[in-house]
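Data first, discussion second: the structure below is written as structure tokens.
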Amino acid sequence: MIKAISDRRSIRKYKPDSVPRSVIEEIVRAGTLAPSSKNRQPWKFIIVTGDSKEDMLSAMERGLEREKSDPLLPESAEHLKGAEYTLNIMKQAPAVIFIMNTLGQDLNTPLNAEQRIYEICNAQSIGAAIENMTLTAAELGLGSLWICDTYFAYKELCSWLSSEGQLYAAMTIGYADESPHPRPRKNLNDIIEWRK
């Protein structure tokens, strides 16, 4: 697994070859093996391939257009071009997996302290599941990209997904058509503080 950790890359170019259903299910199964706070397992995975992908991409496009005039994320407008680039990556990938938090609160729901802690714990659990999935994809010779740009089209995608819970992230899966170099990482001396 250490090799998968060091070899994993965020893939933004994919070959058109489809990924077998059994392989995608193996990747998702790895996600379900992640630790979760109080064993709540707050996840649901919606796998989009084939003809359904066109409808999903249309929802994402509508959201990106709406974001220009009626933004959900007005302070993140500088990142909208990046989200448009992400849409093109989603078009290329043979499969897109949406990760839902089945215990998540609506974005407009005010949270008390306990609910906020639950949200943080559920986010950590889902993050662990997605990391397991990216590492399993790498181990199986596939590329993946963990996507948060879906928030620019949050309303449209949630409406299209019409699923219980809150949209947390998406992940593209496919056979890589690029071999990116590792991105620089912070020096351990700059990010570790020892207390004895």
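Per residue, how big is the convex hull around the C-alpha atoms of the stretch 107-196? Give it to me in cubic angstrom, could you? Can you show the working numbers first?
Working: hull volume 17.1 nm³, N = 90.
Expressed per residue, the convex hull around the Cα atoms of the stretch 107-196 is 190 Å³.
Using a 10 angstrom cutoff on alpha carbons, build the Gaussian network for the chain and name the most mobile of Asp55, Asp177, Asp70.
Ranking Asp55, Asp177, Asp70 by mean-square fluctuation puts Asp70 first.
If I model a spin label at Trp146 and Arg116 as a point 7 Å from the Cα along the Cα→Cβ vector, what separation in nanometres do I get?
If labels sit at Trp146 and Arg116, their model points lie 2.4 nm apart.
How high is the relative contact order of the chain, in percent, with contacts defined as C-alpha pairs under 8 Å that are six or more residues apart?
Relative CO of the chain lands at 39 percent.
How many percent of all Cα-Cα pairs in the stretch 12-178 sit more than 21 Å apart? Write down the numbers at each step before the final one.
Values: 6624 of 13861 pairs.
Everything past 21 Å amounts to 48 percent.
Using the basic label-point model (7 angstrom from Cα toward the beta carbon), what is the Asp7 to Asp55 distance in nanometres?
3.7
Can you tell me which of 151-162, 92-103 comes out highest on packing, and rank the rest after it, using the mean Cβ neighbours within 10 Å? Show your work: numbers first, answer last.
On the way: 151-162: 18.7, 92-103: 21.6.
Per-residue Cβ counts within 10 Å, averaged per peptide and sorted highest first, yield 92-103, 151-162.
Can you tell which of Arg116, Arg183, Arg62 shows the greatest fluctuation in a Gaussian network model of the chain with Cα springs below 10 Å?
With Cα springs under 10 Å in the chain, the top fluctuation among Arg116, Arg183, Arg62 is at Arg183.
Net charge near Pro110: determine it from the other residues with C-beta under 13 Å of the C-beta of Pro110, scoring Lys and Arg +1 and Asp and Glu -1. Walk me through the numbers before you get to the answer.
Details: positive: Arg116; negative: Asp106, Glu114, Glu119.
Overall, the nearby charge balance is -2.
Quick one: if the Förster radius is 22 Å, what FRET efficiency do Ala77 and Ala123 give, using the C-beta to C-beta distance and rounding to 0.05?
On the way: r = 24 Å, r/R0 = 1.09.
According to the calculation, E is roughly 0.35.
So if each residue of separation counts as 0.36 nm, and I subtract the Cα-Cα distance between Asp190 and Lys68, what length gain in nm does that give? Don't jump to the answer; show the numbers that get you there.
Numbers: separation 122, 0.36 × 122 = 43.92 nm, distance 3.82 nm.
Going from the current span to full extension adds 40.1 nm.
Would you mind computing, in nm to one decimal, how far apart the modelled labels at Leu107 and Arg183 are, each placed 7 Å from Cα along Cα→Cβ?
2.2
With just the Cα atoms defining each centre, how far is the stretch 104-129 from the stretch 167-184? Give it in Å.
Spelled out, the Cα-based centre of one part sits 26 Å from the other.
Here, each number is a calculation from the coordinates, and none is a lab measurement. Given the structure is predicted, the values throughout are model-derived calculations rather than measurements. Cβ: placed from backbone, ideal geometry, glycine included. Neighbour counts: every protein chain shown.
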